[in-house]
1. First measure r as the distance between the Cβ atoms of Glu14 and Lys54, then evaluate 1/(1 + (r/R0)^6) with R0 = 35 Å and state the FRET efficiency to the nearest 0.05.
2. Multiply the residue gap between Asp21 and Glu36 by 0.36 nm, knock off their C-alpha separation, and tell me the result in nm, one decimal place.
Amino acid sequence: MKYTVVIEEILRREVAVEAKDAEEAEEIVEALYRKEEIVLDAGDFIGVPTITCKWKSRNIIDIKTSAAAE
């Protein structure tokens with residue numbers, strides 16, 4: 001039987017910006033991210049939260065793994 005296994009990783013980076021409030025700070029960082037001025041890479045890796053195996057029948061099992069401590 002053939003299986004498809006999906007591995008999801010978590011990348012995270014804290015970015016400090018000057019802004020008048022939290023909403024504007026999010027907008028600034030989102031714009032920088034969309035323009036690819038902020039690009040997450042292997043150095044931003046914090047963990048693999050799940051490895052999921054999907055069967056042909058579309059049944060799914062999740063094998064939970066522990067993410068790296070923050």
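A short reminder: the numbers here are calculations on the coordinates, not readings from a lab. What you see is a predicted model; the values in this text were computed from it and never measured. Please note: Cβ atoms are built from the backbone with ideal geometry, for glycine as well, and neighbour counts cover all protein chains shown.
1. Numbers: r = 33 Å, r/R0 = 0.95.
The formula returns an efficiency of 0.55 here.
2. Numbers: separation 15, 0.36 × 15 = 5.40 nm, distance 2.29 nm.
Length gained between Asp21 and Glu36: 3.1 nm.
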